[in-house]
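Below is one structure, written out as structure tokens; the observations come after it.
The values are calculated or read from the model by the stated rules, or taken from the named source; none is laboratory data. Keep in mind that this is a model prediction, so the values were computed, not measured. Here the Cβ positions follow ideal geometry from the backbone for every residue, glycine too, while neighbour counts run over all protein chains shown.
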Amino acid sequence: MKKLFFGWIIVVAGIFFTTYNSVLFVYGFTAFMTPITLSFGWNYAQVSLASSLRGIETGSLDPLVGMAVDRWPARRLMLIGLVIYAGGVIFISQATNLGMFYGGFLIVGLGGAISITMVPSTVIARWFKKNIGKASGFLSVGVALGGMFTPLIVKSIDTNGWENTLIYLAAGLLVAGIPLSFLFRNRPEEYGMLPDGQMIDEKTQVYETSTGMGVKEAAKTKAFWAIGFSTMMQMMAIHAVTLHMMPYLESLGMERSDAAIPVTIFSVITIICRILYGVLSDIFSKKRMLAISMFMTSTGLLLFQSLDGSSFIMVVVFAVVYGIGAAGAMPLRTPIIREYFGVKRFGTIFGILALFLTVGTAGAAPLAGWVYDTRGEYYPIWLIFAGLSATGMILLLTVKKPEDELQKRINEENQ
């Protein structure tokens, strides 16, 4: 019987961390929004800003963390990031004012930049090549799995309070996460293997992890900037909708328990589609798969804006369509960046491109909250985000691989 490639064990460990982060601060955080505003008398814009501050910090740190991942042991970084992250969650639970609340999110941002974002994505890119789409797809499933726990989070908050719910989640993360953090190993070459489990033999001259572009070389390509801006536009929409999904549906007259159902449906759809995007990206063009994701995201947002609370069927249709679109954002980023720029400085390049997401998402959720707080409704913010996602799709379709750009320049010079 063929031994299981250790890269897949790393993927499973990564799924745990992405799931937990999703339960706390991605899909699950929408359940915390209303209870927190009621506890302190804050508005949605103020609470949304905390998530944006975390995103700004995480994105700002990603290039530095990426450089660290390119140089330091992955297991050590995972352990450090995990402890910081859990400490931040506990700090948030003890917040008594807005400053403490924001401070806790900044602590979480530091830990998350290490243990949730950079280390898992970089390590996966090193351990897989032919199956990078599948591996990235499965890794990102954790984000969708987190959304399925939203009804349980709602139940826990209603029973135990949002503060105790955060403490319980932080404790569970430490108990299960510390042992799992030791499963993250730097490179397959250190264990006599190449990506996807191919064994190194005496004829092997160049390790896979030594191939690819440098940071300055990548930044000179049009593809670098096109990928950065197009993914930024899509993630602006996804970030805002994810955070405001329940508040928006509640503003349309839906009961809180009913408003959690579309989140669960959306999560189930994204679980299936994240894996599907990953599998298909190993077969078809990664660029085109990501463009399809952006198109469906835009379509889902148009449906979101059209909801009036009178038809639950339309809410379900939105959750399905939007889920198909949003599902492609995360699993396709790692494969397309690896395909275009290699793994030589993957961590650093991945981290720098994350800055684009930071700039875009920093104001997305607070902007949606501000629109509601000032107008008493979310119109027309979802239409604006739909347009941005569609623009990102068009921009992405102009992307050419760096080697194609280079060949074009050579041909022009020879004419």
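Could you grab the pairs with beta carbons closer than 9 Å, sequence gap of 6+ or different chains, first residue in the stretch 77-93 and under 12 Å from residue 171 (Cβ atoms), second one part of a helix (DSSP H, G or I) and among the polar types (S, T, N, Q)?
Qualifying pairs under 9 Å: 93/164; 93/165.
Given the structure, is residue 184 in contact with a Lys or Arg (Cβ under 8 Å, 6 or more places away or on another chain) and not in a helix (DSSP H, G or I)? Break it down stepwise before answering.
Values: in contact with a Lys or Arg (Cβ under 8 Å, 6 or more places away or on another chain): yes; not in a helix (DSSP H, G or I): yes.
It is true that residue 184 is in contact with a Lys or Arg (Cβ under 8 Å, 6 or more places away or on another chain) and not in a helix (DSSP H, G or I).
How about the stretch 247-261: which of its residues are of a type outside the set (Gly, Ala, Ser) and buried (at least 24 other Cβ atoms within 10 Å of the Cβ)? Let's see the steps before the verdict.
Pass one, the stretch 247-261, residues of a type outside the set (Gly, Ala, Ser): 247-250, 252, 254-256, 258, 261.
Selection gives 248, 249.
Do we find that residue 38 is over 18 Å from residue 91 (Cα atoms) and of a type outside the set (Ser, Thr, Tyr) in this structure?
Yes: the conditions hold for residue 38.
Output the residues belonging to the stretch 226-237 that are surrounded by fewer than 24 Cβ atoms within 10 Å (Cβ to Cβ) and over 15 Å from residue 339 (Cα atoms).
Answer for the stretch 226-237, where residues must be surrounded by fewer than 24 Cβ atoms within 10 Å (Cβ to Cβ) and over 15 Å from residue 339 (Cα atoms): 229, 232.
Okay, residues lined up against (1) under 25 Å from residue 276 (Cβ atoms); (2) at pLDDT 95 or above; (3) surrounded by fewer than 24 Cβ atoms within 10 Å (Cβ to Cβ); (4) not charged (D, E, K, R):
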{"site": "314", "(1), (2), (3), (4)": "yes, no, yes, yes"}
{"site": "321", "(1), (2), (3), (4)": "yes, yes, yes, yes"}
{"site": "328", "(1), (2), (3), (4)": "yes, no, no, yes"}
{"site": "341", "(1), (2), (3), (4)": "yes, no, no, yes"}
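For the stretch 236-269, enumerate the residues that are of a type in the set (D, E, K, R) and either touching a residue at least 24 places away in the same chain (Cβ under 8 Å) or closer than 15 Å to residue 317 by Cβ (or both).
First pass over the stretch 236-269, keeping only residues of a type in the set (D, E, K, R): 250, 255-256, 258.
Selection gives 250, 256, 258.
Could you go through the stretch 351-366 and let me know if any residue there is crowded, with 23+ Cβ neighbours inside 10 Å, in contact with a Pro (Cβ under 8 Å, 6 or more places away or on another chain) and of a type in the set (Ser, Thr, Tyr).
no
Before we move on, is residue 25 of a type in the set (A, V, I, L, M, F, W, C), buried (at least 23 other Cβ atoms within 10 Å of the Cβ) and modelled with pLDDT of 90 or more? Steps first, please.
On the way: of a type in the set (A, V, I, L, M, F, W, C): yes; buried (at least 23 other Cβ atoms within 10 Å of the Cβ): yes; modelled with pLDDT of 90 or more: no.
No.
From the residues in the stretch 187-211 that are polar (S, T, N, Q) and in a loop (DSSP other than H, G, I, E, B), which one is modelled with the highest pLDDT? Steps first, please.
Within the stretch 187-211, the subset polar (S, T, N, Q) is 198, 204-205, 209-211.
This time we only want the ones that are in a loop (DSSP other than H, G, I, E, B), so: 198, 204-205, 211.
Values: 198: 79, 204: 51, 205: 49, 211: 66.
So the residue we want is 198.
Across the stretch 265-324, which residue is farthest from residue 387 (Cα to Cα) among those that are under 17 Å from the mean Cα position of the chain (by Cα) and aromatic (Phe, Trp, Tyr)?
Among those that are under 17 Å from the mean Cα position of the chain (by Cα) and aromatic (Phe, Trp, Tyr), it is 277.
Taking residue 345 as meeting all but one of (1) closer than 21 Å to residue 249 by Cβ; (2) in contact with a helix residue (DSSP H, G or I) (Cβ under 8 Å, 6 or more places away or on another chain), write down the number of the exception.
If we test residue 345 against (1) closer than 21 Å to residue 249 by Cβ; (2) in contact with a helix residue (DSSP H, G or I) (Cβ under 8 Å, 6 or more places away or on another chain), just (1) comes out false.
How about the stretch 30-108: which helices (runs of 4 or more DSSP H) wholly inside it have at least 2 residues that are of a type outside the set (Phe, Trp, Tyr) and closer than 18 Å to residue 14 by Cβ?
Values: elements: 30-40, 44-69, 74-93.
Ranges flagged: 44-69, 74-93.
Criterion first (more than 24 Å from residue 264 (Cβ to Cβ), of a type in the set (Val, Ile, Thr), touching a residue at least 60 places away in the same chain (Cβ under 8 Å) and assigned to a helix (DSSP H, G or I)) does residue 141 satisfy it? Spell out the reasoning first.
Values: more than 24 Å from residue 264 (Cβ to Cβ): no; of a type in the set (Val, Ile, Thr): yes; touching a residue at least 60 places away in the same chain (Cβ under 8 Å): yes; assigned to a helix (DSSP H, G or I): yes.
No: the conditions fail for residue 141.
Just one of 70, 62 is more than 16 Å from the chain's Cα centre (by Cα), closer than 27 Å to residue 228 by Cα, at pLDDT below 90 and acidic (Asp, Glu); which is it?
Working: 62 fails: more than 16 Å from the chain's Cα centre (by Cα).
Going through 70, 62 in turn, the sole match is 70.
Between a first residue in the stretch 36-60 that is free of Cβ contacts under 8 Å to residues at least 40 places away in the same chain and a second residue that is buried (at least 20 other Cβ atoms within 10 Å of the Cβ) and of a type outside the set (A, V, I, L, M), which pairs have beta carbons less than 7 Å apart while being 6 or more apart in sequence or on different chains?
From residues that are free of Cβ contacts under 8 Å to residues at least 40 places away in the same chain, the pairs are 37/44.
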